[in-house]
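Worksheet: one structure, shown below.
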Amino acid sequence: MRKWTIPFVLFLLCLIFLVPDQGRKVQANAEADSDAPVDPPKVEEKFGAVPNGLSTDSDVAKREAESMSRKTLRASAEKFEFQAEVSRLMDILINSLYSNKDIFLRELISNASDALDKIRFLALTDKEVLGEGDNTKLEIQIKLDKEKKILSIRDRGVGMTKEDLRKNLGTIAKSGTSAFVEKMQTSGDLNLIGQFGVGFYSVYLVADYVEVISKHNDDKQYVWESKADGAFAISEDTWNEPLGRGTEIRLHLRDEAGEYLDELKLKELVKKYSEFINFPINLWASKEVEKEVPADEDESIDEEETSESSSSEEDGEEEDAEKAEDEKKPKTKTVKETTYEWELLNDMKAIWLRSPKEVTDEEYNKFYHSLAKDFSEDKPMAWSHFNAEGDVEFKAVLFIPPKAPHDLYESYYNTKQSNLKLYVRRVFISDEFNELLPKYLNFLMGLVDSDTLPLNVSREMLQQHSSLKTIKKKLIRKALDMIRKLAEEDPDETNDKEKRDVEESSEENEKKGQYAKFWNEFGKSIKLGIIEDATNRNRLAKLLRFETTKSDGKLTSLDQYISRMKSSQKDIFYITGASKEQLEKSPFLERLNKKDYEVILFTDPVDEYLMQYLMDYEDKKFQNVSKEGLKLKDSKTKELKESFKGLTKWWKSTLASDNVEDVKISNRLADTPCVVVTSKYGWSAYMEKIMHSQTLSDASKQAYMRGKRVLEINPRHPIIKALRERVVTDPEDESVKLTAKLIYQTALMESGFDLSDPKDFASHIYSSVKSSLNISPDATVEEEEDEAEEPEVETKAEEESASEESELKDEL
């Protein structure tokens, strides 16, 4: 043991002397380096850097460059699998043959803008979240690396934590992905991607490897990376320049996407798609500048000889003096040099702050597409740009989209989605304020910028602010005026043919059919508005459109209907049903058609609910022609009632078990023997079907709402006359009672009701058929002979047993 002790002590003493020596060398090197004049890194030189930020170690930079060139995930990163829906979407995009791949830049800029909106909103109540220095600059930066084929988009927004990166870029909690995939497969329109919240994945249209570097105030800086192979990785970022706060996305472009390394191409895309983004978008752009540099001696001599040959003898003395002065100055020449600087790409002023007279239609169209993230070629149907003054001052722009969203009515009463953005003094606050517009107008796009609302309060407190009610009231009025104006400017909506011809020639048919298009897309919203908004019910009723028995397939308004009413007509006639074709053949319209009355045809299920709230219009009541209360003049009504009094009384007692309240003489029939009508305030036949089809409907609780059924007979029909004669002869004849019941059941079906006992009705029909074919009522169905099936069953069982035995032997 003593033999090893002395060498070990000597070894320790050597280490102690060597370590301080190395420390002194490192310190000396650091001091020497500090004395050397070195320029500090600038933001312009290192994209994503902060002033006096940490420089990247050379070895780390080398490894990073190798990793980026290989486009492989870092070995030290934590690996994750993409959600199945995301992988499906990415496969479609990676293998996409779509020619319009430009949208990736639009989506990334839009996401960056959203992140900047969030941090600016948080800064309203806590200014420290913005940090200091360059972090306070809310902007978007785009930079190119042509050698490595990398396109970088940087924002100083709210940033993402490690968990945010995993959730937001790896999984989709909502059904946005599947909804987008289904819509794209049916319509093939890739432009819709931004409306489904999955716009980030459009990067795989142009890139095969993506890095997302992000720093949130509450977490460290992390890198998310993926090669779009079904997996992604997240690791702590220790090699890139500190972002301070925000997100930088690096796209390693495919070979065929080289056009996006062109500065002119990027400028064009930003101008096209993101001109109205509310934050500066800067591009690290090259620029040629002229610069004076020292000239070579040979070049200066050549210049002097040239000047001497061109000089004249008269100016000799003056030139000699100038030469003498020039010889004292250093010789220089002008050369062109390429420099780089940040170039602002979106210098357009916020459109809502400008006067409506100064904004062109093209600018409104571009602003709508930017706002709605809809970059199809379709223009908005109409827009309203106005300034409200008074106790509450605000500016607003409202748009009617060209098409209804795919899920507009799927979850109408459950959704909290709003298409209206709220700004306060040019600061974006939220797009989740349902108080700005009622639900039935949630299809409108636009924004509101108020100078009256307070900035430094939470969204919850802002929702209770009294000014919001005033803003909402004015917005509704302006929105309805915009829709009304759209109808008034449509040549198809006017009754004056000469005026229509003039408008068509002057407007060049641009506005022709616009309101019909609006109604087909958003008509249901107007109907829901009549149901929900009692204050504006009359205004909304003027916007109603429908087909009638005289409209020849064109839409008609209530005002147009009233203008065509007969002088003796007091009520507005309508009928509800599943389709126009079915209603046109309805027996309820027979007499009305003969007397040349016009009847409104309602074919939308919501129309049944609508007419429960729309009781009158312009002092005229609505009358459902399939219910009681229809009044048509008939001079012989009293005589006919008296003549058929015995039949109606007998028929009512015969149908007592079928819950028929009464049997009456009808004034609405012409060619049909009878129909079944309901009480005025009960459900119609169509409403009963709607309620029965409800998923959670309870038939036992709906009985009280069913209208009382009344059988109305046509006294002029030969069947009814013959039945009256048979009843007079023998009222107790069972065959007559059976016939009367069969007629009632047939009328019930023709009137749109469901039979309570279809089997009973079918047996009556078969009995009638037997009678017409002279078949005895007692004739029975010939019975089928029994076949011996038991032996076959035994044989089959034996075969199965034998096969099992053979399989067992094979295994042994």
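Each value in this text was obtained by applying a stated rule to the coordinates, not by laboratory testing. These figures come from a predicted structure and were not determined experimentally. Note that we place each Cβ from the backbone using ideal geometry, even for glycine, and neighbour counts take in every protein chain shown.
The value given for region 519-659 is a Kirkwood hydrodynamic radius of 17.0 Å, derived from the mean inverse Cα-Cα separation.
Each residue of region 639-650 was assigned a 3J(HN,Hα) from its phi angle through the Karplus expression (A = 6.51, B = -1.76, C = 1.60, θ = phi - 60°), giving 4, 5, 4, 5, 5, 9, 4, x, 5, 5, 5, 5 Hz with x at Gly and Pro.
The order of the peptides 432-440, 709-717, 608-616 by mean Cβ neighbours within 10 Å, most packed first, is 709-717, 432-440, 608-616.
When the C-alpha to C-alpha distance is required to be over 26 Å, the pairs from Lys580/Lys649; Lys373/Lys478; Lys373/Lys472; Lys570/Lys638 that qualify are Lys580/Lys649.
From most to least packed by mean Cβ count within 10 Å, the peptides 556-568, 366-378, 243-255 give 243-255, 366-378, 556-568.
A Cα-only calculation for region 226-277 places Rg and Dmax at 15.2, 37 Å.
If Lys and Arg each add +1 and Asp and Glu each add -1, what is the summed charge of the other residues whose beta carbon sits under 14 Å from the beta carbon of Lys638? Neighbour charge sum, excluding Lys638 itself: +2.
Per-residue extension of 0.36 nm, minus the Cα-Cα distance of Ser643 and Glu661, leaves a gain of 4.4 nm for this segment. Taking max minus min of the alpha-carbon positions on each principal axis, region 613-698 gives extents of 46, 41, 21 Å, largest first.
Each label point was placed 7 Å from the Cα along the Cα-to-Cβ direction; for Arg426 and Thr729 their separation is 9.5 nm.
Once both labels are positioned 7 Å from their Cα atoms along Cα-to-Cβ, the gap between Ser466 and Glu785 label points is 9.7 nm. If only the Cβ of Lys and Arg carry +1 and only the Cβ of Asp and Glu carry -1, the dipole of region 509-612 around its Cα centre is close to 360 debye.
If you plug the beta carbon distance of Tyr766 and Lys585 into 1/(1 + (r/R0)^6) with R0 = 45 Å, you get a FRET efficiency near 0.95. For Leu447, the amide hydrogen comes within under 5 Å of the amide hydrogens of Val397, Lys421, counting only partners 5 or more places away or on other chains and with H modelled in the peptide plane. Here the gap between Asp754 and Arg537, fully extended at 0.36 nm per residue and compared with their Cα-Cα distance, gives a gain of 74.7 nm. Computed from the Cβ-Cβ distance with R0 of 60 Å, the FRET efficiency linking Ala578 to Val293 stands at 0.10. Placing pseudo-labels 7 Å out from each Cα toward the beta carbon at Glu393 and Lys680 gives an inter-label distance of 5.4 nm. Using the empirical formula 2.2 N^0.38 Å as the baseline, the Cα radius of gyration of region 354-434 reaches a ratio of 1.22.
Full extension of the chain between Lys594 and Glu410 yields a length gain of 62.1 nm, computed as 0.36 nm times the residue separation minus the alpha carbon distance.
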